[in-house]
Structure formats: structure tokens, C-alpha cells
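Just below is one structure, and these are the notes that go with it.
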Amino acid sequence: MCSLAGTRQMRYAPDVMLDPYYIACEKHTKSEVAFPLVVDHRLVGVLSASHHELDAFSSDQLQILQVLSGHIAVAVRNA
């Protein structure tokens, strides 16, 4: 899913087996989300989280990860 970072959009795959963009890395992953880390219109990385359960991330969790990704992006730029 990191290949979608160029779109600069969050990508959530509640069931990775049904997601045409998912590239398997760990055999137990059933759901995954990826957030682009963007600072000053520049992509500096990707925050990815995976889980062994289907549809494992609630909307609240996705919101928290999105806010966290903004802070991580600034930290990466400042490092």
C-alpha cells in the first residue's frame, strides 16, 4: 500500500485480500491502513499500521492515526 503514497491520500484496506493495491508483507495481516507523511507539500514518508483481524481499525482509531501522522511528518522533517 505504500505505493499509493504518491496520491497523498490515506488508504484503508479493511480486508487486504479484497484490496487490489495491497502487497503482502506479513502473512497474518488481514487489515492495513497507510497515511502519507506530508510537510510543506512534500512527501517525507508513510505511516502504516496492520492488524491480524479483519476491519480492525475503528473510525476513531483512524482519526487518531491521521493526527499522529501529521506530528510524525513534522518530526521527520525536523530530524
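Odds and ends about this structure:
- Residues satisfying the stated conditions in region 55-78, i.e. touching a residue at least 24 places away in the same chain (Cβ under 8 Å) and open to solvent by 100 Å² or more (accessible area, probe 1.4 Å): Q66, R77
- Being open to solvent by less than 70 Å² (accessible area, probe 1.4 Å), modelled with pLDDT under 95 and not acidic (D, E) is true of L4.
- Looking only at region 18-54, and only at residues there that are β-branched (V, I, T) and within 20 Å of R8 (Cβ to Cβ), the one that is most open to solvent (accessible area, probe 1.4 Å): I23
- Index of the failed condition, C25 passing every other in (1) of a type in the set (A, V, I, L, M, F, W, C); (2) at pLDDT 90 or above; (3) more than 13 Å from the chain's Cα centre (by Cα): (2)
The values are calculated or read from the model by the stated rules, or taken from the named source; none is laboratory data. These figures come from a predicted structure and were not determined experimentally. We place every Cβ from the backbone using ideal geometry, glycine too, and count neighbours over all the protein chains shown. Surface accessibility is based on the protein's heavy atoms, side chains included, excluding ligands, DNA and RNA. Shrake-Rupley method; radii C 1.70, N 1.55, O 1.52, S 1.80 Å.
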